[in-house]
Amino acid sequence: MSMIAALGALESGLVFALVAFGVFLSFRVLEFPDLTVDGSFPLGAAVSAIMIVSGVNPWIATLAAFSAGMCAGTVTAYLNTKLGILNLLASILTMIALYSINLRIMGKPNVALLGDVTVLTPTETWGMPYYMATPLAFAIVVLIVFLVMLKFLNSQPGLAMRATGANARMARAQGINTDRMIILGMAVSNGLVALAGSLFAQSQGSADITMGVGVIVIGLASVIGGEAIIHPKTLLLALLACVVGSILYRFAIALALNADFIGLKAQDLNLVTAILVTLAIVAPQLKAKFNNRRSRSSN
């Protein structure tokens with residue numbers, strides 16, 4: 001793998017680390033199976049892209065994308081908490097609706113950003129090639145989000161949110177408004193995913209209606225794979241596992257698709273993704289069984 005290809009994998013891994021943060025918040029903190037991310041990712045890309053080509057400041061467009069993602073997450077949480085729809089079904093309904101909404105926002109299946117000013121344009125003055133400056137910029141963004149999430153989840157609202165996911169009945173007994181915590185958590189989760197979609201579109205130079213297909217699988221692969229490598233005994237390690245898992249996932253994909261002896265091509269991306277997710281899920285179970293057998297044999 002060339003250096004440019006490696007840095008490209010690092011760039012994608014850092015962008016999808018934001019998706020992993022969002023998936024971690026919904027799946028791990030709130031225990032909420034959320035498929036909205038397959039719609040909120042292209043939502044963030046669509047909102048920011050159409051605003052940028054319309055002449056809006058790219059920073060404002062990126063903030064608007066984050067806000068749009070929060071709205072999508074709020075709708076899913078509202079369907080679940082206020083209307084009593086099963087959490088998984090609520091997220092599917094929102095995801096389906098977002099496909100039409102994203103088309104309505106863009107007005108066409110694809111919006112090009114080539115030649116437009118984006119949040120990455122200032123990196124051109126950093127005195128380094130774009131394939132080095134872009135990963136560095138994304139690393140700064142991921143670090144900021146990492147620290148903010150760590151601070152938030154250790155705050156009183158964050159602890160209430162974690163208690164809601166761990167045991168909602170006990171949380172309600174302690175006076176916590178669990179519905180409000182679910183709505184807040186889902187809003188922040190999809191806001192982060194939409195932010196990732198916005199940054200991804202600006203780095204790739206276009207927003208596409210199909211770019212959200214399989215994003216939930218990528219997020220799960222990043223979270224589960226990271227946890228298989230870094231045992232998340234603390235919140236700090238859990239968030240770090242999201243970043244490590246996302247980067248390693250993108251490198252694994254790049255290596256698999258660039259290994260000529262395997263014979264894989266670009267159209268095999270979803271197959272490779274499914275295999276990697278399966279391995280990430282099964283590996284900890286196999287390791288635990290192996291350790292149990294070894295401990296029994298030693299006794």
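The table that follows gives values for the structure above.
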quantity	calculated
Selected residue (only one of 40, 48, 54, 67 is surrounded by 24 or more Cβ atoms within 10 Å (Cβ to Cβ) and either within 21 Å of residue 180 (Cβ to Cβ) or out of contact with any helix residue (DSSP H, G or I) (no Cβ under 7 Å at 6 or more places or on another chain) (or both))	40
Neighbours by Cβ (under 6 Å, 6+ apart or cross-chain): first from region 70-82, in contact (Cβ under 8 Å) with a residue 24 or more places away in the chain; second polar (S, T, N, Q) and outside any helix (DSSP H, G or I)	72/36; 76/36
Residue within region 79-90 that is polar (S, T, N, Q) and either under 25 Å from residue 148 (Cα atoms) or in contact with a Cys (Cβ under 8 Å, 6 or more places away or on another chain) (or both) present	no
Qualifying residue in region 105-112 (condition: at pLDDT 95 or above, among the aliphatic types (A, V, I, L, M) and surrounded by fewer than 24 Cβ atoms within 10 Å (Cβ to Cβ))	no
Only listed residue being without any contact (Cβ under 8 Å) to a residue 12 or more places away in the chain and part of a loop (DSSP other than H, G, I, E, B), chosen from 233, 151	233
Only listed residue being closer than 26 Å to residue 246 by Cα and in contact with a Ser or Thr (Cβ under 8 Å, 6 or more places away or on another chain), chosen from 147, 136, 114, 153	136
Residue match in region 214-233 (condition: charged (D, E, K, R), under 25 Å from residue 98 (Cβ atoms) and modelled with pLDDT of 80 or more)	no
Given (1) touching a helix residue (DSSP H, G or I) at 6+ places or on another chain (Cβ under 6 Å); (2) surrounded by fewer than 18 Cβ atoms within 10 Å (Cβ to Cβ), index of the condition residue 16 fails	(2)
Candidates 238, 196, 201 - the one that is of a type outside the set (Asp, Glu), modelled with pLDDT of 90 or more and in contact with a strand residue (DSSP E or B) (Cβ under 6 Å, 6 or more places away or on another chain)	201
All positions within region 100-142 that are in contact (Cβ under 8 Å) with a residue 12 or more places away in the chain and aromatic (Phe, Trp, Tyr)	131, 138
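Results for (1) touching a helix residue (DSSP H, G or I) at 6+ places or on another chain (Cβ under 7 Å); (2) surrounded by 11 or more Cβ atoms within 10 Å (Cβ to Cβ); (3) assigned to a helix (DSSP H, G or I), shown as yes or no for each residue.
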site: 92; (1), (2), (3): no, yes, yes
site: 115; (1), (2), (3): no, no, no
site: 132; (1), (2), (3): yes, yes, yes
site: 135; (1), (2), (3): yes, yes, yes
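The values are calculated or read from the model by the stated rules, or taken from the named source; none is laboratory data. Quick caveat: nothing in here was measured; it's all calculated off a predicted structure. Using ideal geometry, Cβ is built from the backbone for each residue, glycine included, and neighbour counts are taken over all protein chains shown.
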